[in-house]
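The block underneath contains the structure these notes are about, expressed in structure tokens.
Just so it is clear, none of the values below were taken in a lab; they were calculated from the coordinates. What you are looking at is a predicted structure, and each value in this text was computed from that prediction instead of being measured. Don't worry about glycine lacking a Cβ; one is built from the backbone with ideal geometry, like all the others, and counts go over all protein chains shown.
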Amino acid sequence: MGISTPLLRTIIAGILAAGATTYVASIAITHSKHKKTPPRSNPPTIAYPDYALSEHTFLSPSTGRTISWAEYGSPESKNIVIYQHGLPGSRILPVGPRIKGKDIRVIALDRPGMGFTSPALPGTTVMETAISDVYELLDDLEISEKVILCGFSAGGPHVLGIMFTHPEKIRATYCLGPATYLDEKINWDDLAPGAKSTNWWTQKFPSYTAFDMVLRADKIVDCSNVIENMKKFSSEGDAIFLSENPVDAKGWQNANFEAYRQGIAGYLQSCMEIFGRVSTNPWPVVGDIVHQTGIEGQKIVIIHRESDHLTPSSGSRDLVRRLKAAGADAEFIFPEGPEGGHFQALTYGLDYILAHECK
């Protein structure tokens, strides 16, 4: 005896409603359970890294929210780089020692709900708020010259959103190992098992992923062993790179720690925006890249390492194709060699910016 069509529709509707209820409940539980910074096995970042020039907060004139940022490199440099971190991540620039004293001024912001930056207001996305935060900070610092954008991993979509909003204010945009734009273009064989599983569940069943993150919140915020985490989730190349570069490893540990200073609510919301999107529902602000206007001739460089098994390089190739279709001067750089991985894209990318933008 078969199931009638009305009954089948009722069952499907019930499943979808349950999924939506689970997602909403997971956000509510997250806020109530992690209003305060949860205990961690590693100490908080009390003394700021000595390679940072300074760190600051200011109040957004439009929302009254706190915006937190830090500065690296040389304060007098006219080569101003706005840095957008990955997920997790924060204003702490892990590779800051490599640019100390060089002719570059990097301004790194905590995104909404991470570090010391206030969460996005209800009804707004993290990306929309982050873009507003960047331009309000530039106004506050009275920076009128064109700036360079640098987005690592999930920061890639954010710098694209910043550039699309005011392309006339941007000198060049760099996406380093960026998150993949659309799901059907992913070459799943490019991903490590842990990353493959997380990406699949987040894109197919985001409500389940959100609920799972809430249940595992205490483990997620534990940044005590970033190298071991990479072995499980990313690739051996990332673990080797961090093992051989202890200063970088400590930087990544502190950057991730600060991401969860307010709990996981901000991190969770941003993950759902960036990784829970599918072809019919792309990133906020960025939207359908092929039909973007006003970016003709805009310089955009995508750098994605061959050995990256956390975010697939096939997605970056598709991203470049879409940017070119919109008229942008988009370039894809694919460093060869098995060494390193996802994290080394930031090191390689900043070296590239120093060599090609800071003359």
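In plain terms, if you count all Cα to Cα distances in the stretch 124-169 and split them into 5 Å steps from zero, the share in each step is 5, 21, 32, 28, 11, 3 percent.
Using the Kirkwood radius over C-alpha pairs as Rh, can you work out the diffusion coefficient of the stretch 233-304 via Stokes-Einstein at 10 °C, viscosity 1.306 mPa s, in µm² per second? The estimated diffusion coefficient comes to 100 µm²/s.
Among the listed pairs LYS146/LYS359; LYS299/LYS359; LYS78/LYS100; LYS204/LYS299; LYS219/LYS250; LYS169/LYS196, those whose Cα-Cα separation exceeds 27 Å are LYS204/LYS299; LYS169/LYS196. Of the beta bridges in the stretch 45-111, as assigned by DSSP with both residues counted there, near 75 percent are antiparallel. Relative intensity of the stretch 64-115 on a log10 scale, I(q)/I(0) at q = 0.27 Å⁻¹, equals -1.00, per a Debye sum over C-alpha point scatterers of equal strength in the absence of solvent. Residue-wise HN-Hα couplings along the stretch 107-122, as the Karplus relation 6.51 cos²θ - 1.76 cosθ + 1.60 with θ = phi - 60° gives them from phi, are 10, 10, 9, 6, 7, x, x, 10, x, 9, 7, 4, x, 5, 5, x Hz; Gly and Pro carry x.
Evaluated at q = 0.15 Å⁻¹, the base-10 log of the normalised Debye intensity for the stretch 74-146, with identical point scatterers placed on the Cα atoms, takes the values -0.55.
Quick check on packing: order 214-223, 287-296, 152-161 by the mean number of other C-beta atoms within 10 Å, highest mean leading.
152-161, 214-223, 287-296
How many percent of all Cα-Cα pairs in the stretch 94-218 sit more than 27 Å apart? Result for the distance tail: 30 percent. Using 1/(1 + (r/R0)^6) with R0 = 35 angstrom and r between the beta carbons of GLU296 and GLU76, what's the FRET efficiency to the nearest 0.05? So the FRET efficiency works out to roughly 0.60. Inverting the pair-averaged 1/r between distinct Cα atoms of the stretch 212-359 gives 17.4 Å as its Kirkwood hydrodynamic radius.
Local charge for LEU346 was computed over the other residues whose Cβ lies under 13 Å away, with Lys and Arg +1 and Asp and Glu -1, and equals -2.
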